[in-house]
Amino acid sequence: MSIQTTNPYTNKVVKSFHPINEDELEQKITAAHKAYQSWKTTPIAERAKYLHKVAELMLERKQELAQIITLEMGKLIKQSEAEIEMCASVYAYYAANSEEFLKDKEIDDDGGKAFIRYTPKGIILGVEPWNYPFNQVGRLTAPNIMAGNVVVIKHASNVPQCAQMIEDLFHDAGLPKGVYTNLYLESSRIAKLTEDPRIVAMSLTGSEKAGASLAENAGRNLKKSVLELGGSDPFIVLEDADMDLVLKEIMIGRFGNMGQACTSSKRIIIHESLADEFTEKLSDELFHLKAGDPMDPATSAGPMVSQEAAEHILEQVMDTVNAGAKLIAGGKLMNREGAFFEPTILTEVKSGMRAYHEELFGPVAVIYRVKSQDEAIQLANDSTFGLGGSVFSEDIERAIDVASKIDTGMVFINEHAASKPDLPFGGTKRSGYGTELSPSAAREFMNEKLIRIKNR
Ligand code: NAP
């Protein structure tokens, strides 16, 4: 994939970048390794000052950064601004709390005194996606830089300006060179990079295919990996749910970021007593969305990330309809310039159809009607993915019971799936392994070193 900015609103290439050559790569890894030697002993309170500065600069530059997100991947400008705010809060959270998260942990030990000391490991490689180009990077970078590791990031090839702006933020906040490094690299060169002994661990957020490839290379080189992969999250609506709330949440949960979120509510599983009313009201909401320039705050349906992505989801929808599903709304590329796909509703989707099994990474709501809570749980779990999910009910005990029976890493009650700095984020099954955010992520790439003093 060439490293370039293509504006999905016009499908025009705006700017191209050269991948770094092998010598440049070697220089950057050498600089990162050198930076690690002093960063690991830099007092945590000092590291925190730098990260607070990164957060501050992000907020100061919010407009400029948000515009580049919107230019490169088509996110609506208000949502791009919200991403910058969220990402700044992730840096501020780890800057404020990592000292506490990483303090020694005492262990009960008769015959001695023992504790765990968290020590950094070295250079962490991050391979990142375009859909939240700042926030995804922040989630890996903030806890690790606070913990004394250093990071090198291979960002998605279609967001090179975001990638450079993140490095600039670290530079301008005064961090020593090499603590954060942007690598303009093709994904085909990641396998070789994982062999480098100076790279001690790696994390990838993206598709199953890319994740499996990274994990294979990490395993071959006996290095730890964290994978944040795709999802097909269930959005369960029980018969006592509040319809207004459900509608409000699904519009953000499924159509925010034009459906291009890992935890987007991709499968709506609704009790049959509410299904007709819900389908009608959702169609009405979609009818009133206004397609247009994502830089214009009045636009409510922007382009998808690329023409290729729009054509891919068109193919998934058409194959599903041809196999017998019912198209209630949308289902076509919009008749205009840019990577626009109509917000879509599908019903009567059955096992064996593409939309039942594949991740639909775009603005497509699939509505499944069920007769009972048990049927809802069974359908929710009939997926190879296990990232997030939602349950809607006015009876919280009942919703908790359903949540506990869903095979995913996260379940949200009476809200769409979301991420917050203090809540752990991660999946199970083919959605990956390991945790981002929360105190857990502060320790994910640390050496949990046992130190024991024997009683004498
Ligand atoms: P993708 O194609 O897998 O790309 C993600 C990153 O992996 C990019 O930097 C890409 O580089 C790189 N990559 C691709 N193939 C690779 C390989 N063989 N080895 C190493 N790196 C490789 O994913 P995408 O389509 O851009 O992103 C959407 C996917 O990400 C969806 O499935 C979504 O659900 C998932 N996602 C998950 C989370 C989560 O937290 N669980 C969050 C966001 C997105 P190039 O751009 O150069 O190809």
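The values are calculated or read from the model by the stated rules, or taken from the named source; none is laboratory data. All of these numbers come straight from a predicted model, not from anything done at the bench. Reconstructed Cβ throughout: ideal geometry from the backbone, glycine too, with neighbour counts over all protein chains shown. Accessible surface is based on the protein model in full, side chains and every heavy atom, while ligands, DNA and RNA are left aside. Shrake-Rupley method; radii C 1.70, N 1.55, O 1.52, S 1.80 Å.
Data for the structure
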quantity	calculated
Considering residues of segment 196-209 that are charged (D, E, K, R) and over 30 Å from Thr384 (Cβ atoms) only, the residue farthest from the ligand (Cβ to nearest atom)	Arg198
Segment 339-357, residues that are crowded, with 16+ Cβ neighbours inside 10 Å and within 16 Å of the ligand (Cβ to nearest atom)	Ala339, Phe341, Arg354, Ala355
Segment 67-120 - residue that is charged (D, E, K, R) and closer than 28 Å to Cys162 by Cβ and, of those, nearest to the chain's Cα centre (by Cα)	Glu83
Residue match in segment 410-430 (condition: away from the ligand (no atom under 16 Å from the Cβ), more than 25 Å from Glu315 (Cα to Cα) and within 17 Å of the chain's Cα centre (by Cα))	yes
Top-ranked residue in segment 299-314 [being more than 20 Å from Ala82 (Cα to Cα) and within 21 Å of the chain's Cα centre (by Cα); ranked as nearest to the ligand (Cβ to nearest atom)]	Ala309
Test set (1) open to solvent by less than 10 Å² (accessible area, probe 1.4 Å); (2) out of contact with any strand residue (DSSP E or B) (no Cβ under 8 Å at 6 or more places or on another chain) - Leu238 fails condition number	(2)
Pick from segment 162-188, criterion within 16 Å of the ligand (Cβ to nearest atom), free of Cβ contacts under 8 Å to residues at least 40 places away in the same chain and of a type outside the set (Asp, Glu), ranking: farthest from Asp23 (Cα to Cα)	Ile166
Residue within segment 217-228 that is over 13 Å from the mean Cα position of the chain (by Cα), near the ligand (Cβ under 9 Å from one of its atoms) and either under 22 Å from Asn447 (Cβ atoms) or not polar (S, T, N, Q) (or both) present	yes
Selection from segment 251-285 of residues that are among the hydrophobic types (A, V, I, L, M, F, W, C) and surrounded by fewer than 20 Cβ atoms within 10 Å (Cβ to Cβ)	Met251, Ile252, Leu274, Ala275
Complete set of residues in segment 129-153 that are under 19 Å from Thr6 (Cβ atoms) and touching a strand residue (DSSP E or B) at 6+ places or on another chain (Cβ under 7 Å)	Pro129
Unique match (being more than 30 Å from Glu99 (Cβ to Cβ) and in contact (Cβ under 8 Å) with a residue 12 or more places away in the chain) among Gln4, Gln27	Gln4
Residue within segment 50-64 that is within 15 Å of the ligand (Cβ to nearest atom), touching a residue at least 60 places away in the same chain (Cβ under 8 Å) and touching a helix residue (DSSP H, G or I) at 6+ places or on another chain (Cβ under 8 Å) present	no
Test: residue in segment 220-228 that is closer than 25 Å to Pro133 by Cβ, aliphatic (A, V, I, L, M) and open to solvent by 30 Å² or more (accessible area, probe 1.4 Å)	no
Residues of segment 105-127 classified as open to solvent by 20 Å² or more (accessible area, probe 1.4 Å), outside any loop (DSSP other than H, G, I, E, B), over 23 Å from Met202 (Cα atoms) and not hydrophobic (A, V, I, L, M, F, W, C), total	3
Close pairs from segment 308-334: first farther than 20 Å from Met258 by Cα, partner surrounded by fewer than 19 Cβ atoms within 10 Å (Cβ to Cβ) and polar (S, T, N, Q), Cβ under 8 Å, at least 6 apart	Ala325/Thr347; Lys326/Thr347
Residue within segment 387-403 that is out of contact with any Phe, Trp or Tyr (no Cβ under 6 Å at 6 or more places or on another chain), among the hydroxyl-bearing types (Ser, Thr, Tyr) and open to solvent by 10 Å² or more (accessible area, probe 1.4 Å) present	no
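Conditions tested, residue by residue: (1) under 24 Å from Glu81 (Cα atoms); (2) within 16 Å of the ligand (Cβ to nearest atom); (3) hydroxyl-bearing (Ser, Thr, Tyr); (4) not in a loop (DSSP other than H, G, I, E, B).
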| residue | (1), (2), (3), (4) |
| --- | --- |
| Ile236 | no, no, no, yes |
| Val246 | no, no, no, yes |
| Met258 | yes, yes, no, yes |
| Ala261 | yes, yes, no, no |
| Phe278 | no, no, no, yes |
| Leu286 | yes, no, no, yes |
| Pro297 | yes, no, no, no |
| Met318 | no, no, no, yes |
| Glu337 | no, no, no, no |
